[in-house]
Structures are given as C-alpha cells and as structure tokens.
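Novice: This is the structure I have questions about; it appears just below.
FYI, it's all coordinate maths here, none of it is from the lab. Because the structure is a prediction, the values reported are computed rather than measured. Backbone-built Cβ (ideal geometry, glycine too); neighbour counts: all protein chains shown.
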Protein chains: 2
Amino acid sequence: MTEQRSRPVRYADAGVDIDAADATVRRFAEIATRTRRPEVLSGIGAFAGLFRLGEGYRDPVLVASADGVGTKLLVGAAMDRFDTVGHDLVNHCVNDILALGARPLFFLDYLATADLPQERRVEVVAGIGTACEQNGVALLGGETADMPDLYRDGDYDLAGFIVGVVERDEVIDGARIEAGDALIALPANGLQTNGYSLVRELWAIGKGLGADHDRQVLDERYEELGGSLGDALLAVHPSYLAALEPVLRRLRGIAHITGGGITGNLPRIFPEGLGAEIDRSSWQPLPIFELIQRTGDVEDAEMFRTFNMGAGIIVATAEADAGVVLEAVPGAWRIGRVVERGPDDPPVRGLEG
Amino acid sequence: MTEQRSRPVRYADAGVDIDAADATVRRFAEIATRTRRPEVLSGIGAFAGLFRLGEGYRDPVLVASADGVGTKLLVGAAMDRFDTVGHDLVNHCVNDILALGARPLFFLDYLATADLPQERRVEVVAGIGTACEQNGVALLGGETADMPDLYRDGDYDLAGFIVGVVERDEVIDGARIEAGDALIALPANGLQTNGYSLVRELWAIGKGLGADHDRQVLDERYEELGGSLGDALLAVHPSYLAALEPVLRRLRGIAHITGGGITGNLPRIFPEGLGAEIDRSSWQPLPIFELIQRTGDVEDAEMFRTFNMGAGIIVATAEADAGVVLEAVPGAWRIGRVVERGPDDPPVRGLEG
C-alpha cells in the first residue's frame, strides 16, 4: 500500500526536529528561571510544574483561566513582531482572574506551530517571561507543539493558562452590587486582544494578499493615531493588577472588557434585576476606534459589542467609595452607574446615543 | 486607502459569529456541570473558574501542566471523529501530573479554529467532559478562540491545562531512586499522543492528497492490527490514575512515556549517576509499532525515541516493593532495572538489541 522508501525515515523528515526543540526548551527554562517565586519548587517537576501554596491562607480559592490573543497574532506576524504577544497574553490572563479579586500565582503557555523558527519561539516566550516578571507571576511550564500540516508557514497559535488565589470571603463576584453604585472605567490603550478579525477584514490583513501588501497597510501612518496603523493595533494589552490592587477591597464587581465589548461583558457582573446606565459623553473613544468605525462604516452598536472602545476594565463600587477609587487609579473615570433593570430593559443602557 | 464598502461591516462578516458562539458556550457549561466537584464554587466566576482548595492539606503543592494532542487531531478529523481527542487530552494531562504523585483537581481547555462547526466543537468538549468525569477532575473553564485565516477549513487545535495537588512530602520526584530498583512498565494501547507526524508522513495522511485518499488509507484493515489503521491510530491515550493510585506510596519515580519515547522520558526521573537497563525481551512492541517500523524502514533507535513502543508509563520502585506493584497494577511487567551510570554511559541501555 505504501511505496518502498529509499532511506530510513527519521522524525525530522516529518518536520519535527527533537534536538532543536530540546535546545529551545532549555532557553525557555532560562526564561522561566527569571520569573521564579519562592513557592516554585525547583530541580524537580520534569513532567509538570510544582508550586507550593504555603501557609498564610485562611480559606484559599484557586482562580483559573485559559485564554488566547486571537488573530492579533497574525497582525504581529505581519509586522515581524514576536515580542509583544506574550505580554498581551499574560496581561489578559492576569486581568481575567483579577476580575474575581484574585492575585496571580503561576502561568503556563501553549505554543503551537508547524515551522516557526526556534529564534521566533524564544522571542514569543521571552515576552511571556517579561510580562510574568512584571506581574509577579511564575512561569511554571508550558508546551511547545510541533504540528506539521496544521499550521501554515510561519503561523503559530498561542494560549495561556493562569492560576491565582483569593480568600473565599474576598472573592469579588458582583453579589454586593446595588442600584446607585458607581461604575468606574480604566483606560484601554487600544483593542487589547479583541476585534482583530474585524479589523483584518477591513484592511485585508492576513487575507492572502501577500506580506508586502499587509506590511504596507500596517506601515501607513495616520495623523489621528500619531503613528502607524500597525503600531496602534499592536499596543500591548495592559495589566490592571497594579492599578486595582490597592483598592480591591472597595470594589463590588470588576468586568474585564474583552470579546463582546461593554455590551457583552459588563452585564456579567450584575445580580438579577440590575443593569448599567452608561454616560457616553464621559469619554471619547480612542482614535483607533474612530478610524475603524469610519473605515468600515460600522454601526455604533456593532462597535460597542466588538471593541472595548477605550474602557479596558469597568468596576462597580459603592457611591461612597467612588471618590477614593477615582483618586487612586490612574486615568480612571466615572463611566456610569448601576440602575434597576426591568425584565424588558437591556442590561446596558446609554451606548446607543 | 481602503475602498468604500457598500454596507456596514459586522463582526460576523469577518467569520466570527458571537451569537452562535454564545449558544455553544452554554452547551459547554452544561458539560462542565456534569464534572462538578464540591470544591467548585458555582454561580460566580464568569471571567474565570473558582476552585476552593479546602482544608485537609498539611503542605499542599499545586502541580500544573499544559499539553496538546499533537497531529493526532488531523488523524481524527480525517476519520470524521471528534469525540476521542478530548479523552486523549485529559488523560495525557492527568498522567503528566500523576508523574509527580499528584491527584488532579481541575482542567481547562483551549479550542481554536477558523470554522469548525459548532456541533463539532460540542463533540470535542463533550469528550473532554466525559474524560474529566472518569478521572474525577472538574472542567473548570476554557476558551474557544475563533481564528479566521489562521486555521484552514475544518482544522482546529486543542490544548489542555490541568492543576492537581500533592502533599509536599509525597511528591514523587525520583530523588529516592537507587541502583538496583526495579523498573516496571504499564501497557500502552497505541501511540497515545506522540509520533503522529511521522506516521502521517509514512502514509501521506493530512498531506493535501484529499479527504478520500486519507480516508481510504485509514480505513485499510490489517490482520495484525485486528482492524483498520485508523482505529489503531485513534486508540485513546489511557489514564493511569486509577491503576497507580493504590501503589503511589511505593513508587520512587514515574516516567510518562510521551514525545521522545523511553529514550527521552525515562532519564528525566533519575538522579545524577543513575540510568536504566531495559530488557527488550520482556515485552513485544504492539503490532502498530511493528507495522510502522516495517512500512517506513525506521531504525530501532528512531522508533524508541519517537514512540512509547508499548510502555505507557514506567515506574521505579524498591526491589522489595516490586512484587506488590506488579500484582496490584493490571498488565504491568518488569521492564528493567536501575543501574549505576558512568559519565560516558547512555542514560538508557538495552534498547539497541
């Protein structure tokens, strides 16, 4: 059934070079070493990472999340940038567990590709490592998957897994939110990690028109962006950990504004019968969103359910605490308030006009 | 720079249908509910999963691993099977943390695709859910990433992330292994999740020759396999948790034989100065490996550093405990012993003959 082969088959023939992969894994280990926390048990754990929880917790709840960075990967690759996606990934994950009030403990990555050069892989993981350092998270492990025939030349995918911890009675779950509470937004610096497929559709990026086309589109400078489209699109998803940690105890709900925008994410924190009234005049969407909307003639509602529109995180706090939070968190602004919501009311009002 | 568009752009135009994805996510939630453990805090945790560690641990060490199933995915897709890869993934992850002596607590998945139909996605996650139930692991969360233009039609990637726990003084790290210890193997039932790129190279599966070609190759029946090539290749990676749990305290080292085979994985558990002497006559490699070797004229050494060759896990135990372990673990056999290793000795001897 199979033709005779003239020479013995080695795994490397199939596109998997175990020796080269081993060398890269050793470099990954060096990167991970820089993120070491005291709880990481070193020298052991070849098949998995070990993290000693330690004493000092009364009733610890582990908080875990899995995430990717979407097709921001394709935009980065088109710009020959592999050092920023790791930051996007780690910060996104940190924010997702922060939304429950958790501090991050450790992170693992999954990097899959057919043929991404070893040097590129190291750049990606180095970005992850630096972001882990910045957030105080241990890079505990990861998997590099060689997947010939699944990914196209130079393509790769990247996923992250994070585990954090919060005391059970300090979980921020929205349950204490009341009508009249203040909604306070923290600024985004761009698309974060959502909406890239729509943007790529608009400018035909990563659509097979070739590297030159993509690069030309991304290098185009726009006055309102103060730079190129590509640089605006690659702005790194910020971590909100440092900004929110000092005021966590004053927060009743935290919504990370990711895929689905304010429309899709803010309602996730409200108890039954409550919703949000957003004051659209309280901020000006970032120029990148105005450029996207104009270029694609995208409807307002679609913009708000696709992009964060400049609000990276929205927190709910008792009106009495609003002043302290606004003062403590750089760039924060009052974006609206919590209101009673009838069965026929939309969960978020005020985005339409 | 961009041509005028005749109608407003919606996110669905870019290949991302948020409503359909939301419906699938609700079905994922139903699947996850079936894996619920008492420690999972329900009703909250929209942005991340919450798992209460609880009391009863003296000095808990969290053990975490990230993994994929490699291009076994492509073989499954070629056979139109989407229900088994979840089992492969969960069981692989369970074994990886079991190798440190840990019991699994919770699992998260990352599923990425451009256009895998929603029904297929549910099949994949249902497989994950069933395997989680079988291993007593909570499916705590996951991410479904819509990645237009990154994945080809019908393709997808899948990664898993597991967290388990072990008391610090019960971590199985190989440190207590001594020369003279017994090496005991647990049977594999096929390739588990490694070596698929080589196999696909041999039979040109997933190489662009078309679905009909791939299906014909995979449907071919072989007498020595007792069935089709495809069925042999899709044999589910077993979990060794139930088999090893009763004897964990008698084990000094556990090597999960994954990518790199016995050659690459067994040495990971040995302290400096120790190695393995394997008795090749102690078992007969599974027929699927003989078929692969014959078909590709693959050298012995390459086979042993690519495939598990029938040994799914190898444990090290004091000679005095070997009898109990052999008796307690179904299908286990004595595969070799731990020996002194000089600086010029290979870490594993006996595979060549």
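Novice: Just flag the trypsin sites (Lys or Arg not before Pro) in the range B:36-98 sitting in loop per DSSP whose Cβ has no more than 14 other Cβ atoms within 10 Å.
Specialist: B:Arg36, B:Arg58
Novice: Let me check against my output: what whole-number percent is the relative contact order of the range B:279-353, with C-alpha pairs under 8 Å and at least 6 apart?
Specialist: 48
Novice: A further question follows. Modelling each spin label as a point 7 Å along the Cα-to-Cβ direction, I'd like the A:Glu170/B:Ala20 distance in nm, to one decimal.
Specialist: 4.4
Novice: Normalise the Debye intensity by I(0) for chain B, one equal point scatterer per Cα, no solvent, then take log10 at q = 0.07, 0.10 Å⁻¹ and round to two decimals.
Specialist: Debye curve over Cα of chain B, log10 I(q)/I(0) at q = 0.07, 0.10 Å⁻¹: -0.34, -0.67.
Novice: Considering the rotation that carries chain A onto chain B, locate the chain A residue whose Cβ comes closest to its axis and report the distance in whole Å.
Specialist: A:Phe161, 2
Novice: Around B:Phe289, what is the net charge, scoring Lys/Arg as +1 and Asp/Glu as -1 over all other residues with Cβ under 14 Å from its Cβ?
Specialist: Charge balance in the 14 Å sphere: -3.
Novice: I would also like to ask the following. Compute the normalised compactness of the range A:23-141: alpha-carbon radius of gyration over 2.2 N^0.38 Å, N being the residue count.
Specialist: The range A:23-141 yields a ratio of 1.10.
Novice: Enumerate the calculated ³J(HN,Hα) couplings along the range A:135-152 in order (Karplus 6.51 cos²θ - 1.76 cosθ + 1.60, θ = phi - 60°), each rounded to whole Hz, writing x wherever the residue is Gly or Pro.
Specialist: 9, x, 9, 7, 7, 8, x, x, 10, 10, 9, 8, 10, x, 6, 8, 9, 7
Novice: Above 41 Å lies some portion of the pair distances; for the protein assembly as shown, what is it as a whole percent of all C-alpha pairs?
Specialist: Percentage above 41 Å: 29.
Novice: Using the 10 angstrom Cβ neighbour count as an exposure proxy, how do A:Ile97, B:Ile162 rank, fewest first?
Specialist: In increasing order of surrounding Cβ atoms, one gets A:Ile97, B:Ile162.
Novice: Moving on. What are the label-to-label distances in nm, one decimal and shortest first, from A:Asp344 to the same spot in the other copies, with labels 7 Å along Cα to Cβ?
Specialist: 9.0
Novice: Now, a different point. Do the sum for the protein assembly as shown: with -39,500 (n - 2.57) for every DSSP H run of n ≥ 4, divided by all residues, what is the mean residue ellipticity at 222 nm, to the nearest 500 deg cm²/dmol?
Specialist: -9000 deg cm²/dmol
Novice: Name the GluC sites (Glu not before Pro) in the range B:198-277 that are in a loop by DSSP and that have at most 11 other C-beta atoms within 10 Å, would you?
Specialist: Working: sites: B:Glu201, B:Glu220, B:Glu223, B:Glu224, B:Glu272, B:Glu277; in loops: B:Glu220, B:Glu272.
Answer in residue order: B:Glu272.
Novice: Mind checking the dipole of the range B:148-224: about its Cα centre, +1 per Lys or Arg Cβ, -1 per Asp or Glu Cβ, Debye to the nearest 20? Could the numbers behind the result be given before it?
Specialist: Numbers: 7 positive and 17 negative charges, 28 e Å.
Magnitude of the dipole: close to 140 debye.
Novice: Nm distances between the label at B:Arg294 and the same-position labels in the remaining copies, 7 Å along Cα→Cβ, shortest first?
Specialist: 7.0
Novice: I want to check the label-to-label distance for B:Glu290 and B:Glu220. Put each point 7 Å from Cα in the C-beta direction and report it in nm to one decimal.
Specialist: 1.8
Novice: In addition: Express in nm, to one decimal, how much length is gained between A:Gln118 and A:Ser228 on full extension, taking 0.36 nm for each residue of separation and deducting their alpha carbon distance.
Specialist: 36.7 nm
Novice: Below 8 Å between Cα atoms, with a sequence gap of 6+, how large is the relative contact order for chain B in percent?
Specialist: 21
Novice: Which value, in debye to the nearest 20, gives the size of the charge dipole of chain A about its Cα centre, when Lys and Arg are +1 and Asp and Glu are -1 at the Cβ?
Specialist: Rounded to the nearest 20 debye, it is 740 debye.
Novice: Now, a different point. I need the shape label for the range A:196-292. Rule: rounded when a/c is under 1.5, else prolate if a/b > b/c, else oblate, with a, b, c from the alpha carbon gyration tensor.
Specialist: Working: a/c = 2.40, a/b = 2.11, b/c = 1.14.
Judged from the Cα gyration tensor, the range A:196-292 comes out prolate (a/c at least 1.5, a/b above b/c).
Novice: Need the C-alpha centroid separation for the range B:240-289 versus the range A:135-182, integer Å.
Specialist: 33
Novice: If you filter the range A:318-347 for GluC sites (Glu not before Pro), then keep DSSP loop positions with at most 13 other Cβ within 10 Å, what is left?
Specialist: Those that pass, being in a loop and sparsely packed, number zero.
Novice: Please work out whether the range B:111-206 counts as rounded, prolate or oblate from its C-alpha gyration tensor, where a ≥ b ≥ c are the square roots of the eigenvalues and a/c under 1.5 means rounded, while otherwise a/b larger than b/c means prolate and anything else oblate? Don't jump to the answer; show the numbers that get you there.
Specialist: Numbers: a/c = 2.68, a/b = 1.56, b/c = 1.72.
Note, shape of the range B:111-206 comes out oblate.
Novice: Next question, about the same structure. Report the residue, chosen from A:Glu123, A:Glu167, A:Glu133, that carries the largest GNM mean-square fluctuation when chain A is represented by alpha-carbon nodes joined by springs under 10 Å.
Specialist: In the Gaussian network model the winner is A:Glu167.
Novice: Treating the point 7 Å from Cα along Cα-beta-carbon as the label, what are the nm separations from A:Leu209 to the other copies, to one decimal?
Specialist: 3.8
Novice: Turning to a different aspect of this structure: In a solvent-free Debye calculation with one equal scatterer on each Cα, what is log10 I(q)/I(0) for the range B:182-349 at q = 0.13 Å⁻¹, listed in the order of the q values?
Specialist: The calculated log intensity ratios at q = 0.13 Å⁻¹ are -0.66.
Novice: Starting from the Cα of B:Lys72, draw a straight line to each of the lysines and keep only those under 26 Å, dropping any in the same chain fewer than 8 residues away.
Specialist: B:Lys207
Novice: Could you list B:Ser228, B:Ser197, B:Ser239, B:Ser65 in order of exposure, starting from the residue whose Cβ has the fewest other Cβ atoms within 10 Å?
Specialist: B:Ser228, B:Ser239, B:Ser197, B:Ser65
Novice: Let me ask you something else. Sort B:Thr35, B:Thr24 by Cβ crowding within 10 Å, fewest neighbours at the top.
Specialist: Values: B:Thr35 23, B:Thr24 19.
Going from least to most buried by this count: B:Thr24, B:Thr35.
Novice: Could you pull out which residues in the range B:94-124 have an amide N less than 12 Å from a spot 7 Å beyond the Cα of B:Arg27, following the Cα-Cβ vector?
Specialist: Correct set: B:117-124.
Novice: Okay, next question. Enumerate the calculated ³J(HN,Hα) couplings along the range A:226-240 in order (Karplus 6.51 cos²θ - 1.76 cosθ + 1.60, θ = phi - 60°), each rounded to whole Hz, writing x wherever the residue is Gly or Pro.
Specialist: x, x, 7, 4, x, 5, 5, 6, 8, 3, 6, 3, x, 8, 9
Novice: GNM, chain B, Cα, under 10 Å: largest mean-square fluctuation among B:Ala20, B:Ala145, B:Ala311?
Specialist: B:Ala20
Novice: On to the next question. In the protein assembly as shown, if the dipole is taken from +1 on Lys/Arg beta carbons and -1 on Asp/Glu beta carbons about the Cα centre, which of B:Leu209, A:Ile292, A:Val315 is farthest to the positive end?
Specialist: Comparing the listed Cα positions along the dipole, A:Val315 ranks first.
Novice: Provide a whole-number value for the mean count of partner chain Cβ atoms within 10 Å of the Cβ atoms in peptide A:201-214.
Specialist: Across A:201-214, the average partner-chain Cβ count within 10 Å equals 2.
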